[in-house]
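Here the structure is laid out as structure tokens; the discussion comes afterwards.
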Amino acid sequence: MTTPQQYVQNKAAASGSSFYYAFLFLPKDRRAAITAFYAFCREVDDVVDEVSDPGVAATKLAWWQSEVRKSFAGQPSHPVMQALMPHAGTFSIQAEHLLAVIEGCQMDLEQTRYLDFPGLQRYCHLVAGIVGEVAARIFGQTSPQTTQYAHKLGLAFQLTNIIRDVGEDAMRGRIYLPVNELQQFDVKAHEILNRKYSDRFEALMRFQAQRAHQLYDEALALLPQADYRAQKPGLMMASIYRTLLREIEQDKFQVLHQRVSLTPLRKLWLAWRMQALGRM
């Protein structure tokens, strides 16, 4: 019989995500809270990625909405919510936060293109900005300004994911790169869907990467010195994600036919270097 704590631990570890390496250095209660919250995000995200029938996926997300409301009313039934709820009060995690993440996943069912960057930003706010906000609280936020930092860093992470996953998303018929930016660089949707590289595609991706780098810089500038130590797990993730972004750039954005990733050992090294030496 798996306990809720074991369930969320297995869910977080199985994802092989960069987030997992940042959690390793946290005190026990904070690690338990972020692991449960991360497992929740994985559960709802997997509904969209793994359920091929949109109707079935929508029903599952509706079930999760109801589960969140029941959990905050004191009746969690899913192991993820059973693991998360004991920490909700301690770290000011609200039902609205979790419902926003589900809303972002619902957007994935209804929308496969974004006309412009402001439209994409709305989606990123729900699936990454809100996640950053909750994570910052769990890590030990003391200053209100840290919320702005967390939202901006979440946006930088999500744009890095979008750059990395262009090919994978295309296989699902999704293109997150804004339509007006494809037009600006004269890249046709069918070229991405058919995984055709070109100088135009590389220029488009370089533009996306520059925007992501700018957001990393803006986020780091927003982090108040008082919260620097507490927010180190987020900075570890920033170090890992930014290193990945630079690898993709050096590789000239060969993302249509493969998913570029860092080895677990390299992620651990980057996380440790940030923790021990404070260097990104």
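The values are calculated or read from the model by the stated rules, or taken from the named source; none is laboratory data. Computed from a predicted model, the values in this text were never measured in an experiment. Note that we place each Cβ from the backbone using ideal geometry, even for glycine, and neighbour counts take in every protein chain shown. Keep in mind that these areas ignore ligands, DNA and RNA; they rest on the heavy atoms of the full protein, side chains included. Shrake-Rupley method; radii C 1.70, N 1.55, O 1.52, S 1.80 Å.
Summary of values
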item: Selected residue (only one of A33, A100, A12 is in a helix (DSSP H, G or I), within 14 Å of the chain's Cα centre (by Cα) and either modelled with pLDDT of 95 or more or of a type in the set (D, E) (or both)); result: A100
item: Options V127, V80; residue that is buried (at least 22 other Cβ atoms within 10 Å of the Cβ) and over 30 Å from K188 (Cα atoms); result: V80
item: Positions within region 4-29 being more than 19 Å from A238 (Cα to Cα), touching a residue at least 40 places away in the same chain (Cβ under 8 Å) and either in contact with a Ser or Thr (Cβ under 7 Å, 6 or more places away or on another chain) or open to solvent by less than 70 Å² (accessible area, probe 1.4 Å) (or both), in sequence order; result: P4, V8, K11
item: Residue count, region 236-278 (criterion: open to solvent by 80 Å² or more (accessible area, probe 1.4 Å), among the charged types (D, E, K, R) and in contact (Cβ under 8 Å) with a residue 40 or more places away in the chain); result: 2
item: Region 98-120 residues that are β-branched (V, I, T), paired with ones that are open to solvent by less than 60 Å² (accessible area, probe 1.4 Å) and in a loop (DSSP other than H, G, I, E, B) (beta carbon under 8 Å, 6 or more apart); result: T112/G173; T112/R174; T112/I175
item: Filtered residues of region 41-68 (kept if touching a residue at least 40 places away in the same chain (Cβ under 8 Å) and open to solvent by 70 Å² or more (accessible area, probe 1.4 Å)); result: P54
item: Restricting region 256-278 to residues that are of a type in the set (A, V, I, L, M, F, W, C) and over 19 Å from the mean Cα position of the chain (by Cα), the residue that is farthest from Y21 (Cα to Cα); result: L256
item: Region 83-95, residues that are surrounded by fewer than 19 Cβ atoms within 10 Å (Cβ to Cβ) and within 23 Å of D108 (Cβ to Cβ); result: Q94, A95
item: Of residues in region 15-28 being under 16 Å from the mean Cα position of the chain (by Cα) and not hydroxyl-bearing (S, T, Y), the one farthest from L270 (Cα to Cα); result: G16
item: Odd one out for L177 among (1) touching a helix residue (DSSP H, G or I) at 6+ places or on another chain (Cβ under 8 Å); (2) under 25 Å from M237 (Cβ atoms); (3) in a helix (DSSP H, G or I); result: (3)
item: Sole exception among (1) out of contact with any Leu (no Cβ under 9 Å at 6 or more places or on another chain); (2) within 22 Å of L61 (Cα to Cα); (3) in a helix (DSSP H, G or I) for Q75, by number; result: (3)
item: Flag if S77 is small (G, A, S) and more than 20 Å from Q5 (Cα to Cα); result: no
item: Qualifying positions in region 180-207 - part of a helix (DSSP H, G or I) and open to solvent by less than 50 Å² (accessible area, probe 1.4 Å); result: E181, L182, A189, E191, I192, F201, E202, A203, L204, M205
item: Complete set of residues in region 15-30 that are closer than 18 Å to C105 by Cβ and in a helix (DSSP H, G or I); result: F19
item: Hits in region 219-255 (condition: of a type in the set (D, E, K, R), over 20 Å from the mean Cα position of the chain (by Cα), under 19 Å from A150 (Cβ atoms) and modelled with pLDDT of 95 or more); result: D227
item: Residues of region 109-122 that turn out to be closer than 21 Å to A58 by Cβ and open to solvent by less than 10 Å² (accessible area, probe 1.4 Å), as a count; result: 1
item: Region 208-227 residues that are within 21 Å of T142 (Cα to Cα) and open to solvent by 80 Å² or more (accessible area, probe 1.4 Å), paired with ones that are β-branched (V, I, T) and outside any helix (DSSP H, G or I) (beta carbon under 8 Å, 6 or more apart); result: A226/T142
